[in-house]
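See below for the structure under consideration.
The values are calculated or read from the model by the stated rules, or taken from the named source; none is laboratory data. The structure presented is a predicted model; accordingly, all values stated were derived computationally and were not measured. Quick reminder, even Gly has a Cβ in these numbers, built from the backbone with ideal geometry, and neighbours come from all protein chains shown.
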Amino acid sequence: MALKILAEQVHYANVDLNHNQLNNARIQNLSAEPSSNNAAGRIFYDTDTNQIKVYNGSAFVQLVTETTDSNDITDVESILNSSLVIGRDAHNQIQFSTDNEIHFKTNNETPVIKMKASGEIEATSLDISGDADIDGTLEADAITVNGTALNTVIAGVTVDDSTNAAHVLITDNESTDEENQITFIEGAGGGGANRGLEADGDFTYNPSSGTVTATIFKGNIDAVDGDFDGTLEADALTIGGTNILTGGIITTLGTIAQDTVTFSSSAQDDPLVNILNTHNSTTGSRLRFTKDRGAAGTDGAEVGRIEFYGDDDGQNLTEWARIAGYVSDASDTAEGGKLILAIATHDGEMQTGLELADGNAEDEIDVTIAKGASSVTTVSGNLTVTKNLTVQGTTTTVNSTTTTIADPIFTLGGSSAPESDDNKDRGIEFHYHDGSSARLGFFGWDDSATGFTAFSAASNSSEVFSGTVMNCTFGVGTFSSLDVSGNADIDGTMEADAYTVNGTALDEFISDTVGAMVGSNTETGISVTYQDGDNTIDFALSAAQTTITSLLATDIKIGEDDQTKIDFETADEIHFYAANVEQVYLADNIFGPQSDSDVDLGSSSVRWKDAYVDSITVTGEIDGASLDISGNADIDGTLEADAITINGSAILAQATTSAVGCVELATTAEALAGSDSSRAVTPEGLAARSYSETIGDASATAIAVDHNLNTRDVIVQLYDVSSYDTVIADVVRTTVDRVTITFASAPANNDIRVLVTKID
């Protein structure tokens, strides 16, 4: 069958019939010679003179005439000669004498125009009064438009579609860094419709950066290198022939076979590598370093490391810190590992500061902290040692204010008694100030006196103490009576059957003395009454106290009763009780409820006015009349709202062709039906509306292709799988599920690719 063309077609490239016939054709009919858009070789049929005319570059000349002049040659099909010359005379000729070239000669001059087999046209000058359609490269030393250099014209004049070409090269020679807008013409195609400027486009070119900017690029982008500073949106992203995108998300990345991968950014806090796990489970993301030797493992092998590099003051990239993992024991079924944290010490060398190693026993880890004898290890918080603590240094300094030791026995002088007298004292050395200067004190065993001694203003010479003996030396003895003529300083417990002071029983003496003292020395708001009969002192506080400036005690509580109180008993914490239940507590950097989800902050009727916090983490719901977030909102759970708007447009409402909103995805069947205007088609649905197949067996000229799209409303395209050229053949829509393609000659095996697309 023949290809039937039933409407005007505009071609912007040559049409190759591949040696096939052009049947039932007619050329353009005009009543007069056209005066514009003329190019050499243009032909038309002059209906006024009944002649076929061709444009020779300067004028239309007669190609065929209806006269019967004997000089007219009408039946010659071919003229071939290696020295063929056609022309009027020696002045004006078309010469074929040069191999693979055609020379055009006028005015008896050297060939003005040369047409070469390479496709080049060589001419001293080329003056085209009509249109020029150049499908290849136009190269010239200079191009002018109406006497003005082309670059100047392009810089200040809008390029319209009066001249169409496959490629338009726009060059801007300006030195400034600017965006040059490219403006298009909107209106109907063809030649006669009214057109106007398309002013709402956003297509620019920056010659300084070589950047072409557009809102959307559609179709396939095939580039050697791609630099996308904005958002790259694609239905498919292929690496090595594998599509790694599913629903706009990278689902298949595989292995990156690259020695070095660099994430680079000039932003202050970037690049940021975020490993996100959204699975509803208790496990999280993983970062794995794998060392696959391809052979048996060995002790001491490095598995992986994290290195931290930065500039020194000489702008030298220097390694400052390192985290590395090693094989400690490679024995099968007895594997042990090692992890080190290293930093650059003062000489710039990397030294291990923290080492975690296999302890050569199940559930045993050995830890080594610091490097070198002068290293200092500081624990800012609490340190708990669940087993024995061994200190091998010569000096142990404890700067704590309270030291609690559960062991009732202190052993001084070593874990066992010395085999001989070392003449050293044993005891406690302490520092104090006597009001004039700092002093050294000692309490313990005086080896030279073979007894317990306390020294003030003492000196220590190799653990042998001397100094001023304190007022009392404690020894071992039993006293039937003790008469102290001077002062008695008793640091321990004094026990007696009876105590008297100047003949008065001690308890009565104390009661009378204290009663008299507090009865005459009371503070404002406090009244004190001494009851001599029962030796009691009654304290009464007035209703309101305004002069109390401090209440400090390790077990103090303040409140109405034990059910409603503020409790200060726990160190570094304050606990608040109501209804006999601890509600909230205040600790270092923490103000929170005693148990999870136990206390509300405000109520529906009594609310806090404003809250200023650095960050908020919410595990439950946020209920508010409105929520205004000026920064970013990171919501790891479900965001539920009656309405959500973006730039004033609701996105939860039903989407329309003119409004952003929610849209339901169409099923494959609905996509195939093509009658639903309220649902969106997915890539799967689009794929179901098309079919492709490779055909050709080197023998058949008529080939049936079953597309199963259930309609004759389909577009059928063909292309050559080797050259990728579009192929035109006869196509008959045989049934709603089949098209039959007929060729003039049988295509080779699998030579033609068929593309069938359903159209509604």
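Tally time: how many residues in segment 399-440 are surrounded by fewer than 10 Cβ atoms within 10 Å (Cβ to Cβ), under 21 Å from Ala458 (Cα atoms) and out of contact with any Phe, Trp or Tyr (no Cβ under 8 Å at 6 or more places or on another chain)? Final tally of qualifying residues: 5. For segment 281-297, the criterion of being surrounded by 12 or more Cβ atoms within 10 Å (Cβ to Cβ) and more than 30 Å from Ala361 (Cα to Cα) is met by none of the residues.
Against the condition surrounded by 10 or more Cβ atoms within 10 Å (Cβ to Cβ), on the phi > 0 side of the Ramachandran plot and among the small types (Gly, Ala, Ser), how does Gly637 come out, does it pass? Here the answer is no, as Gly637 does not meet what is asked. Of the residues making up segment 34-59, those that are more than 15 Å from Ile128 (Cβ to Cβ) and not basic (Lys, Arg) number 11.
The residue pairs whose first member lies in segment 291-320 and is farther than 18 Å from Gly348 by Cβ, whose second member is part of a loop (DSSP other than H, G, I, E, B) and of a type in the set (Gly, Ala, Ser), and whose beta carbons are closer than 7 Å, counting only pairs six or more residues apart or on different chains, are Lys291/Ala301; Gly297/Ala330; Thr298/Ala330; Asp299/Ala330. Once segment 6-30 is narrowed to residues that are exposed (fewer than 10 other Cβ atoms within 10 Å of the Cβ) and more than 22 Å from Asp133 (Cβ to Cβ), the residue that is modelled with the lowest pLDDT is Leu6.
Taking the residues in segment 664-683 that are loosely packed, with under 13 Cβ neighbours inside 10 Å and within 31 Å of the chain's Cα centre (by Cα) as candidates, determine which candidate is modelled with the lowest pLDDT.
Glu664
Restricting attention to segment 441-458, and to residues there that are part of a loop (DSSP other than H, G, I, E, B) and not small (Gly, Ala, Ser), which single residue is surrounded by the most Cβ atoms within 10 Å (Cβ to Cβ)? Step by step, filter segment 441-458, then rank; the result is Asp447. If you go through segment 572-614 and keep only what is outside any strand (DSSP E or B), among the aliphatic types (A, V, I, L, M) and without any contact (Cβ under 8 Å) to a residue 12 or more places away in the chain, you end up with Leu601, Val606, Ala611, Val613.
Would you say Gly648 is farther than 30 Å from Asn277 by Cα and either acidic (Asp, Glu) or at pLDDT below 75 (or both)?
yes
Of the residues Phe576, Phe568, the single one that is among the aromatic types (Phe, Trp, Tyr) and farther than 28 Å from Val528 by Cα is Phe576.
Hey, can you tell me all the residues within segment 313-338 that are aliphatic (A, V, I, L, M) and under 13 Å from Lys291 (Cβ atoms)? Break it down into steps so the answer makes sense when it comes.
Just the residues of segment 313-338 that are aliphatic (A, V, I, L, M), to begin with: 317, 321, 323-324, 327, 330, 334.
Answer for segment 313-338, where residues must be aliphatic (A, V, I, L, M) and under 13 Å from Lys291 (Cβ atoms): Ala324, Val327, Ala330.
Of note, Thr711 does not satisfy the criterion of being over 25 Å from Gln21 (Cβ atoms), surrounded by 13 or more Cβ atoms within 10 Å (Cβ to Cβ), without any contact (Cβ under 8 Å) to a residue 24 or more places away in the chain and hydroxyl-bearing (Ser, Thr, Tyr).
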